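What follows is one structure encoded as structure tokens, with my remarks underneath.
Read the figures in this text as sums done on the coordinates, not as results from a lab. Fair warning: this is a prediction, and the values are worked out from it, not measured in the lab. So basically every Cβ, Gly included, is an ideal-geometry build from the backbone, and we count neighbours across all protein chains shown.
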Amino acid sequence: MKKTILTTLAAVAISLTSFNASAQKLVSSTTHFKFFSSTPAENIEANNFKTVGTLETTTGEIVFSVPMQSFEFEKALMQEHFNSKKFLDTKTNPKAKLTGKITDISKVNFAKDGSYPVEVAGELTINGVTNPVKEKATIVVNNGKVALSSKLNVTLADYKIAFKAGKPSTNIAKTVEVSVEANY
């Protein structure tokens with residue numbers, strides 16, 4: 001009887017260990033989000049290293065929470081415009097969020113070094129407005145470390161972001177490039 005109970009407990013422990021090894025939530029607490037705009041007037045770039053991201057290796061679910069006031073610009077005036085009520089109103093909408101799923105997560109072997117092209121589908125919320133997104137990304141596995149990178153083009157008007165007139169309206173592109181680099 002004792003032998004049967006011990007055998008059963010050992011089997012349960014082994015199956016729980018196997019389950020935990022295959023289901024893994026990876027976290028990146030210093031994900032880099034970069035915003036880039038190019039116009040004939042000027043290029044504008046901002047970097048944010050305070051984004052938190054998660055990646056569930058079995059389901060492919062991803063989440064990025066982006067503190068909008070953490071974007072840093074070369075010029076203080078650019079940062080002021082970015083955070084203002086006329087543009088992103090970051091006091092009212094302090095975070096952007098990307099939630100989604102890597103639709104082809106089965107392509108990625110997290111136990112084997114390599115570069116894996118994948119596709120992400122989900123929703124991007126900026127300025128209180130949510131829109132569907134579908135983009136390509138790359139997952140790199142190297143010595144047990146996992147990294148994800150992607151670029152997406154964001155049309156500002158889709159998120160109710162626009163200067164009506166004046167210099168800022170001609171200095172920022174209508175569609176900007178957003179790059180993501182997450183190291184889990």
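Quick notes on this one:
- Residue in region 95-136 that is surrounded by the fewest Cβ atoms within 10 Å (Cβ to Cβ), counting only those that are aliphatic (A, V, I, L, M) and touching a Leu at 6+ places or on another chain (Cβ under 6 Å): Val133
- Among the residues of region 56-77, those identified as out of contact with any helix residue (DSSP H, G or I) (no Cβ under 8 Å at 6 or more places or on another chain) and touching a residue at least 40 places away in the same chain (Cβ under 8 Å) are Glu61, Ile62, Phe64.
- Phe49 being surrounded by 15 or more Cβ atoms within 10 Å (Cβ to Cβ), under 28 Å from Val141 (Cβ atoms) and aromatic (Phe, Trp, Tyr): no
- Here Glu80 meets the list (1) among the charged types (D, E, K, R); (2) under 15 Å from Tyr184 (Cβ atoms); (3) without any contact (Cβ under 8 Å) to a residue 12 or more places away in the chain almost entirely, failing just condition (2).
- Pairs with Cβ under 6 Å, 6+ apart, first in region 99-112 and charged (D, E, K, R), second assigned to a loop (DSSP other than H, G, I, E, B) and surrounded by 14 or more Cβ atoms within 10 Å (Cβ to Cβ): Lys101/Gly60
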